[in-house]
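Asker: First the structure, then my questions, so here it is.
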Amino acid sequence: MASRIVIDTSQLNKVVKGLGEFEKQMPGAFTSAVNRTLDHVYSKTGSIVKGHYNVTSKEIKDSMEKHKATYSRPRAWIQIRSRRFTLARFLPGGLGSTSKIAKVKVKKSAGYKRVGGNPKPFVQHSPDGNTHIFRRTGKKRYPIDVLRTISPTQMVENLNVEKEIQEAANKMLEKRIDHEINYRLKKAGAK
């Protein structure tokens, strides 16, 4: 799955109006404001998702790739590509869990819940240290499937998470635009 976080650049008209006769500096101000916002959103996304789901910021950041703005390509975005986590990732004690009962906690706002279904899922610890929650696909012992849940992409696309990320992006972009305008005006005034 893939998803994108897009930074709303509608406020960038402020850069042009604020610079007036220094309009030639607009591409530099634009690129700098957008890229600083991109870096902020990249860092903030991990902590926002971590606030809603039982994951680490690093796990979310590892699924994200930044695409910075340049003078020739004046747009920036974050691409999120990820596979769904295995349910065992959310066991009490994580992947090192010694539990034989398939109980998981994916969302921070929820408690541990038993994984249901028929045939009954089970936790299996392998000699190489991997732990998974499996379910048989029929009445026979094999084949079995590893149970999976939500991906980092889907976590970011959660409406509450997406709204928080967008608010953080807009707030930072406005702040960076003001900074870039003031910086360039002061620099031009010093000449």
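The values are calculated or read from the model by the stated rules, or taken from the named source; none is laboratory data. In this text the structure is predicted, and so the values were computed from the model without any measurement. Cβ coordinates were reconstructed from backbone atoms using ideal geometry, including for glycine residues, and neighbour counts include every protein chain displayed.
Asker: Inspect segment 64-82 for any residue being in contact with a strand residue (DSSP E or B) (Cβ under 7 Å, 6 or more places away or on another chain), of a type in the set (Ser, Thr, Tyr) and part of a loop (DSSP other than H, G, I, E, B) and give the result as yes or no. Steps first, answer last, please.
Answerer: Looking only at segment 64-82, we keep the residues that are in contact with a strand residue (DSSP E or B) (Cβ under 7 Å, 6 or more places away or on another chain), and these are 64-67, 76-81.
Right, trim to of a type in the set (Ser, Thr, Tyr) and you get none.
Checking segment 64-82: not a single residue is in contact with a strand residue (DSSP E or B) (Cβ under 7 Å, 6 or more places away or on another chain), of a type in the set (Ser, Thr, Tyr) and part of a loop (DSSP other than H, G, I, E, B).
Asker: Hey, could you check segment 112-127 for residues that are assigned to a loop (DSSP other than H, G, I, E, B) and exposed (fewer than 14 other Cβ atoms within 10 Å of the Cβ) and say which is modelled with the highest pLDDT?
Answerer: Lys120
Asker: For segment 139-151, what are the residues that are exposed (fewer than 10 other Cβ atoms within 10 Å of the Cβ) and in contact (Cβ under 8 Å) with a residue 12 or more places away in the chain?
Answerer: Applying the first criterion (exposed (fewer than 10 other Cβ atoms within 10 Å of the Cβ)) to segment 139-151 yields 139-143.
Listed by number, the list holds a single entry, Lys139.
Asker: Looking at Gln166, Gln154, can you tell me which residue is among the polar types (S, T, N, Q), under 16 Å from the mean Cα position of the chain (by Cα) and surrounded by fewer than 17 Cβ atoms within 10 Å (Cβ to Cβ)?
Answerer: Gln166
Asker: Right, next: Name the single residue, out of those in segment 56-95 being of a type in the set (Val, Ile, Thr) and either within 11 Å of the chain's Cα centre (by Cα) or exposed (fewer than 14 other Cβ atoms within 10 Å of the Cβ) (or both), that is farthest from Asn158 (Cα to Cα).
Answerer: Step one: filter segment 56-95 for residues of a type in the set (Val, Ile, Thr), giving 56, 60, 70, 78, 80, 86.
Pick out the ones that are also either within 11 Å of the chain's Cα centre (by Cα) or exposed (fewer than 14 other Cβ atoms within 10 Å of the Cβ) (or both) and you get 56, 60, 70, 78, 80.
Working: Thr56: 17, Ile60: 14, Thr70: 30, Ile78: 16, Ile80: 14 Å.
Filtering first and then ranking leaves Thr70.
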